[in-house]
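None of the figures in this text is laboratory data; all of them are computed from the coordinates on show. Just so you know, these numbers come straight off a predicted model, no measurement behind them. Counting neighbours? That spans all protein chains shown, and the Cβs are built from the backbone with ideal geometry, glycine included.
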Amino acid sequence: MDEKALYQSDNPGADLRGKAIDLFLQGHKPTRICRQLQRSRTWFYKTLARYQQGGRAALQSRSRAPHRVHNRTPAETEAAVVRVRQVITSGQEPELRYANIGAEALAPELERAEIKPPSRATINRILQRHQLVRPKQRKNKKRKLPDDYPWPCVQTANDLHLLDFVSRSIRGEGRFYGFHLLDQARRWPYVRAETPKNAEKVSEFLVSAWQAIGLPTGLYLDNDPVWNGGGRGQRVLSTIVRLCLGVGIEVIFIPPYTYEANPVMESFNGVWDDNFWGRTQFRDLLHLQLELPHFEHYCRHRRPLAEFKGLTADQIAPNFMPIYLSPSFSQHQQGPLPLTAGRVHFIRFVSSTGALSILNEAWQLDQEKWAGKTVRATIDTYLQQLFVYHQPKHRDTCYLIAQFDYLLGEAVVPLAAEFQRKRPAFWPPAAKFDC
C-alpha cells in the first residue's frame, strides 16, 4: 500500500498501525519503522503492545470519548422532562392542558415538582432524543412601523388594557368570537367566548372585565365598527367609546388594518390559537367556554414570560391593588349612554396629499410638512376640539401641529366624581410646533 492510499483510507489510524506491525514482522527495526512512518518510538511500542494483547483487531481506532461522562443528565431527570411534556400534550392535567411545551415552559414545571431542571439546551436535546420536538412554523414577516409611531407610555399595571377578538367556527355550531382583554404591563388576561359580536355583548364583556381585574386608564384597540362607531356616519361615537368615557377611560384607536401596532395582543392571540384552539377538538361552544378558564388560569399563574425573565403574570406586580368597577354598575343596561367629557385618540398615517381620516371625515394638514408622517389625533369631547400631534423619532416631546373645531351636536356631561382619579400620561408634554 502506498502512502497516498494509506491516508485516503476510511480508518487511517488503524491502517498506519497495521503498516507498522507489517514492517516489524518483516524484520525492520523500530527506529527505521518510526522514521519511515514519521511516528515516535512511544507510538510504535504502544501499537506493538496493542497487537500483542489483541491481535489485528486491537489496532482499530478507539473512541476518544471519556468512559464516564461526569455531567450526564441523571436518568430520573430525563424521565421527568419527558413525563412533564407528555402530561401537557395528553391533556390529563387541567391546569397544564393548554401550557406551552418548549424548554422555557418545562423548566418551571420541573421546579414546581422539586426537580432541579437542566439547562434549556439540555431539555431541548432530551426532547429531540425522544422525538418530542415539533417543527416550528414559518411566520410571515411583520411590517415595520414608522419611527415616528407614537407608542403609548405604559409603566404600571392597569395603565393600558388591550382589546381584540378572534373569530372561529365549530362544526355544527357556526361562528363564535373570542373576546380577549390584556393588561399590557403585567400581561394579565381576561378572556371569554361569545356569539354574536355586538355592542351589547362587548359592553357586558368590558364591564365584567373591569369588575374582575380593575379599571384601566386607557383602552387600546383596532377600528372594528362595533367599537369604533365610524360605520354610521361622521362624528358618531359608539356605545363602547361612550361606556369608556363614562367610567373615565381614554380610548386609543390604532391605524386601520395595522395589526402590528398591537404586538403584545397579537402575540397573546397566537398563544390562544396554538395552545387552546389548536390543541382540543371542541364539541360545541359550551364545551369551549368550560375549557377557557383552564387556559386563562395557565396564562395568569403558570406561563413563564420570556420578556419578563421567566416571571408569570401573577409575579410581575404581586402587590398591585386595582381600582374595581362596582359590582352594581349597570349604566350599560339602561338605554343610550350619554357623552361624557374625556379624550378619544386616533393614531393615523397621513396620506401623500396631507389628509387623515377620522370617523369617516377627512382633515387636511400641510402636505409639504406632514405627508407620510404618523400623527395622533385627539378628540376632546369637553372642549369639542380636535388636536393633532406629531412625535418625532427619539424625542421626549410631542408637537401640536393642528387644531380644529369638533362640534358634537349633543350635550356633554361631566365625569362622575367616583371615576375621577389621578391618571398617568400616555405621551410626553405637548409643545406648539414652531414653523
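Restricting attention to the alpha-carbon atoms of region 250-329, what are Rg (one decimal) and Dmax (integer), both in Å?
According to the Cα coordinates of region 250-329, Rg and Dmax are 15.9, 40 Å.
Each label point is 7 Å from the Cα along the Cα-to-Cβ direction; what then is the distance between the points at Arg41 and Asp274, in nm?
In this crude spin-label approximation the distance works out to 6.5 nm.
Would you kindly calculate the translational diffusion coefficient of region 255-301, applying Stokes-Einstein with the Kirkwood radius from alpha carbon pairs, for 20 °C and a viscosity of 1.002 mPa s, and quote it in µm² s⁻¹ without decimals?
178
Mind scanning Lys201/Lys309; Lys373/Lys432; Lys144/Lys422 and naming the pairs with a C-alpha gap bigger than 26 Å?
Working: Lys201/Lys309 36 Å; Lys373/Lys432 17 Å; Lys144/Lys422 34 Å.
In this structure, Lys201/Lys309; Lys144/Lys422 lie more than 26 Å apart at Cα.
Across the Cα atoms of region 285-435, what radius of gyration and what greatest pairwise Cα-Cα distance (Dmax) are found, in Å?
Cα radius of gyration and Dmax of region 285-435 are 21.2, 61 Å respectively.
Hand me the GluC sites (Glu not before Pro) from region 74-157 located in a DSSP loop with no more than 14 other Cβ atoms within 10 Å, in residue order please.
Sparse-neighbourhood loop GluC sites (Glu not before Pro): Glu114.
Give me the net charge for the shell around Asp380: Cβ to Cβ below 12 angstrom, other residues only, Lys and Arg +1, Asp and Glu -1.
On the way: positive: Arg343; negative: Glu250, Asp405.
Computed value for this residue: -1.
What is the packing order of peptides 411-421, 164-174, 237-247, 191-201, taking the mean over residues of other C-beta atoms within 10 Å and listing the highest first?
237-247, 191-201, 164-174, 411-421
Could you work out the per residue convex hull volume over the alpha carbons of region 74-114, in cubic angstrom? All intermediate terms of the calculation are to be shown ahead of the outcome.
Numbers: hull volume 2.6 nm³, N = 41.
Cα convex hull per residue, to the nearest whole number: 64 Å³.
Quick one: work out the % antiparallel among DSSP beta bridges in the chain, nearest 5.
If I count the DSSP bridges inside the chain, around 75 percent turn out antiparallel.
Take the Cα atoms of region 115-261, build their convex hull, and give its volume per residue in Å³.
Value for region 115-261: 219 Å³ per residue.
On average, how much area does the Cα convex hull of region 231-284 cover when viewed from any direction, in nm²?
Mean projected area of the Cα convex hull: 6.4 nm².
Of the options Gly409, Pro338, Ala425, report the single residue whose Cα projects farthest towards the positive end of the charge dipole of region 148-435 (beta-carbon charges: Lys, Arg +1; Asp, Glu -1).
Ala425
From the gyration tensor of the Cα coordinates in the chain, what semi-axes in whole Å does the equivalent ellipsoid have, largest first, with each one equal to sqrt(5λ)?
Semi-axis lengths for the chain are 67, 29, 19 Å.
For Leu132 paired with Ala341, estimate the spin-label separation in nm (one decimal), with each label point 7 Å from Cα along the Cα-to-Cβ line.
Spacing of the two 7 Å Cα→Cβ label points: 6.1 nm.
Divide by every residue of the chain the summed helix terms, -39500 (n - 2.57) for each DSSP H run of at least 4, and state the resulting mean residue ellipticity at 222 nm, rounded to the nearest 500 deg cm²/dmol. Before the final figure, lay out the partial values.
Working: 14 runs with 138 residues, N = 435.
So the helix-based figure for the chain works out to -9500 deg cm²/dmol.
Could you tell me which helices of the chain pass both thresholds, a Cα extent of 18 Å or more along their own axis and a mean Kyte-Doolittle hydropathy of at least 0.0, with helices taken as whole DSSP H runs?
Qualifying helices: 12-25, 75-90, 199-213.
Rank-order 253-261, 30-38, 155-163 by packing density, defined as the average count of other C-beta atoms within 10 Å over each peptide's residues, highest first.
155-163, 253-261, 30-38
Given a 10 angstrom Cα cut-off, can you work out which residue in Ser357, Ser119, Ser61 is the most mobile in a GNM of the chain?
Between Ser357, Ser119, Ser61, it is Ser61 that shows the largest mean-square fluctuation.
Using 1/(1 + (r/R0)^6) with R0 = 35 angstrom and r between the beta carbons of Leu383 and Phe329, what's the FRET efficiency to the nearest 0.05?
Efficiency at R0 = 35 Å is approximately 0.80.
Roughly what % of Cα-Cα distances in region 85-152 sit above 14 Å, to the whole percent?
The share of Cα pairs beyond 14 Å in region 85-152 comes to 69 percent.
Over the chain, what relative contact order in percent results from Cα pairs under 8 Å that are six or more residues apart?
Relative contact order, the chain: 14 percent.
Residue separation times 0.36 nm, minus the C-alpha to C-alpha distance between Lys29 and Ile316: what's the value? Display every interim value, and only then the final one.
Values: separation 287, 0.36 × 287 = 103.32 nm, distance 7.69 nm.
Length difference between fully extended and current span is 95.6 nm.
Sorting Ser40, Ser267, Ser208 on the 10 Å Cβ count, fewest up front, what's the list?
Listed from fewest to most nearby Cβ atoms, that is Ser40, Ser267, Ser208.
Find out how many positive minus negative residues lie around Ala402, taking Lys and Arg as positive, Asp and Glu as negative, among other residues whose Cβ is under 11 Å from that of Ala402.
Here the charged neighbours net out to +1.
Need the list of aspartates and glutamates near Lys116 for cross-linking: C-alpha distance under 18 angstrom, and skip anything on the same chain fewer than eight residues off.
Glu76, Glu78, Glu104
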